[in-house]
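As structure tokens, the structure follows; a few thoughts come after it.
The values are calculated or read from the model by the stated rules, or taken from the named source; none is laboratory data. Note that the coordinates shown come from a computational prediction; the quantities given were computed from them, not determined experimentally. Here the Cβ positions follow ideal geometry from the backbone for every residue, glycine too, while neighbour counts run over all protein chains shown. The protein model used for the area step is the full one, side chains on, heavy atoms only, and it has no ligands, DNA or RNA in it. Shrake-Rupley method; radii C 1.70, N 1.55, O 1.52, S 1.80 Å.
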4 protein chains.
Amino acid sequence: MTPLPAPEVVTSRHRLRVRFCETDLMGIVHHANYLVYCEAARVEWLLLRGVSYESWTRHGLHLPVVDATLRYKLPARFEDELEVVTTVVELSRVAVRFRYRVMRKATLLCEAETRLACVGDDLRLKRIPAEVERIFTSGELASAAPRAAGA
Amino acid sequence: MTPLPAPEVVTSRHRLRVRFCETDLMGIVHHANYLVYCEAARVEWLLLRGVSYESWTRHGLHLPVVDATLRYKLPARFEDELEVVTTVVELSRVAVRFRYRVMRKATLLCEAETRLACVGDDLRLKRIPAEVERIFTSGELASAAPRAAGA
Amino acid sequence: MTPLPAPEVVTSRHRLRVRFCETDLMGIVHHANYLVYCEAARVEWLLLRGVSYESWTRHGLHLPVVDATLRYKLPARFEDELEVVTTVVELSRVAVRFRYRVMRKATLLCEAETRLACVGDDLRLKRIPAEVERIFTSGELASAAPRAAGA
Amino acid sequence: MTPLPAPEVVTSRHRLRVRFCETDLMGIVHHANYLVYCEAARVEWLLLRGVSYESWTRHGLHLPVVDATLRYKLPARFEDELEVVTTVVELSRVAVRFRYRVMRKATLLCEAETRLACVGDDLRLKRIPAEVERIFTSGELASAAPRAAGA
């Protein structure tokens, strides 16, 4: 395992508003959408470190989810403003594990973890490149402007 | 425009059951899902003529939707068994138009049309190949077994 | 038809970033997601006028989409920052029509229109209440702060 | 814990075909969709025992997912015919746990588990009614006809 810096360094926040189509007939956010929220949060985690995941995929570096765990505590609802607090909690030569806390203000709605493996365009496992490893152990760029768009 | 055979020849039926996650807090199927149902119906329309759209995409032939029109008449609900009746209604050198009627038994829930353009991997318009044109003007294969899976 | 103010008054902008899960194997945003973007833009259009659509639904006022038209011009891609420019273009006693222009900077990617009918919890048509009509013909509140979250 | 019959009794199979919109730009099924497949499988599990989950929800009995675990082994692809093998593996006074194996013929693509809590319309925990408990420990009805639709 690669040693990680203090959790607050490798933590970022992603804000989003619950969309109408993300609810179901119970009137709450459908549980599959939390994986979508976590993914969006992960993408922003990278953007805040100057990295476009899109450019990685274009260069043949992919990080598919290989396992996921979710604990649903309280339901989110339409129009809720949520914040996903995302932390790198484990890093090996071929995989990285993120932990997520989906919050509505101070209330924890869902806790999740996903492990992502590093693969090429052929979907075969490959070693995480050194520069990617560096990203996963780094903090937000000072210059990362607060984004107006909610990505 | 390429002449088309009688509508019943270029018509096929796709059956599906409404999934829980396809509903929204109004308790009905979210309107965006009808485009998904039409797409699944279109894929089955091809399968019933012996064609895997997947193999087309693998060979660099894509048919992205370039316009869509939907008229929602009555709501579909969770667990409804629906049938999408799909007909080719127009065929040009570069595009094909499908019409869909989403039915619950004899009740029409939604009418839709989509026009699909023929493009390559570069997403540039290209002429519909002759063998593809032949498919769009043909009826179901006699040998197309009734599918156990609902796709 | 209810007379409408100048288009710029009844126009608002919604920013969003394309999520990974919104792409398909063509590498572009799946066409059904544009209905989702338009819906999110509509919800924000209301928020910018001080209205929570969520509170309307809680009070038995719903605005289901009864028809939709979409013209796809150019594909959006993963991580694109998009802006949906949304305008009320028609208002009757029971329905309202919105027009949307999905932009990537100055490039128009998709044009759409949806007509929404006013219904109660029983999904039966009802007259648009006067205070709701007033909202549909009004401009953004001066006090509507630019939102940090991407709703 | 309520004792369970032999696993094969409380096991059922759900077949589905991967939809185009369920893929992402990696060309494989997006990982959030497996929760959707499991849910559809669970609904069919009930249908095969003569129960409509829709009627339960209409009568104020809901079974929201309170935790989920997924292990992704191999990717599913567009048009794949999948089978979800679903088993009740744990039953308490207020919750039920399902295990899923998403298969493409003999190949295991994904293993998952979800725990569902019994709640009312107010989303508060309540004891699983005796007749519902009976369902969770029963086998398929002899009369459950093979379904034409793929739900």
In nm, spacing of pseudo-spin labels at D:T69 and D:K105 (7 Å Cα→C-beta vector): 3.0 nm
Nearest-0.05 FRET efficiency for A:V9 and D:D122, computed from C-beta distance (R0 51 Å): 0.75
For residues of D:69-76, the mean tally of beta carbons on other chains within 10 Å: 4
For region D:75-87, Karplus couplings with θ = phi - 60° (6.51, -1.76, 1.60), whole Hz, Gly/Pro x: x, 8, 10, 3, 6, 4, 8, 10, 10, 9, 9, 10, 9
Karplus-derived 3J(HN,Hα), 6.51/-1.76/1.60, for each residue of region B:59-68, Hz, glycine and proline x: 9, x, 10, 10, 10, x, 6, 9, 8, 8
Per-residue SASA entry for A:D121, accessible area with 1.4 Å probe, Å² rounded to 10: 110 Å²
Of all accessible heavy-atom area on chain B, the percent that carbon and sulfur account for (1.4 Å): 51 percent
Fraction in percent of alpha-carbon pairs per bin - 10 Å, region A:11-136: 13, 43, 30, 14, 1
C-alpha center-to-center spacing [region D:43-116, region B:98-143] in angstrom: 33 Å
B:E90/B:H59 FRET efficiency (R0 25 Å; Cβ-Cβ; nearest 0.05): 0.55
Surface accessible to a 1.4 Å probe, B:S52 within the full protein complex, Å²: 30 Å²
Per residue value of the accessible surface for region D:11-136 (all protein chains in place, 1.4 Å probe), Å²: 37 Å²
The protein assembly as shown - charge dipole about Cα centre, Lys and Arg +1 at Cβ, Asp and Glu -1, debye rounded to 20: 0 debye
Burial order of peptide ranges A:41-47, A:81-87 (average beta-carbon count within 10 Å, highest first): A:41-47, A:81-87
Reach of C:K126 by Cα under 20 Å, taken over lysines that are not fewer than 8 positions away in the same chain: B:K73
With DNA, RNA and ligands ignored, accessible area of D:E8 (1.4 Å probe; Å², nearest 10): 140 Å²
Diffusion coefficient, µm² s⁻¹, Stokes-Einstein with Kirkwood Rh over alpha-carbon pairs of the protein assembly as shown at 20 °C and 1.002 mPa s: 85 µm²/s
Alpha carbon Rg of region B:62-116, scaled by the compact-globule rule 2.2 N^0.38 Å: 1.26
In degrees, nearest ten, helix A:33-47 long axis to first principal axis of chain A (Cα): 40 degrees
Computed helical MRE - 222 nm, chain C, DSSP H runs ≥ 4 contributing -39500 (n - 2.57), nearest 500: -5500 deg cm²/dmol
Accessible surface buried once A binds D (1.4 Å probe; total of both sides; Å²): 2000 Å²
GNM flexibility winner over chain D from D:R49, D:R71, D:R15 (Cα, springs under 10 Å): D:R71
Averaged over D:54-67, number of beta-carbon atoms from partner chains that fall within 10 Å: 4
Within 10 Å of each Cβ in A:120-126, the average number of Cβ atoms from other chains: 1
Magnitude of the charge dipole, chain B, Cβ model with Lys/Arg +1 and Asp/Glu -1, debye to 20: 180 debye
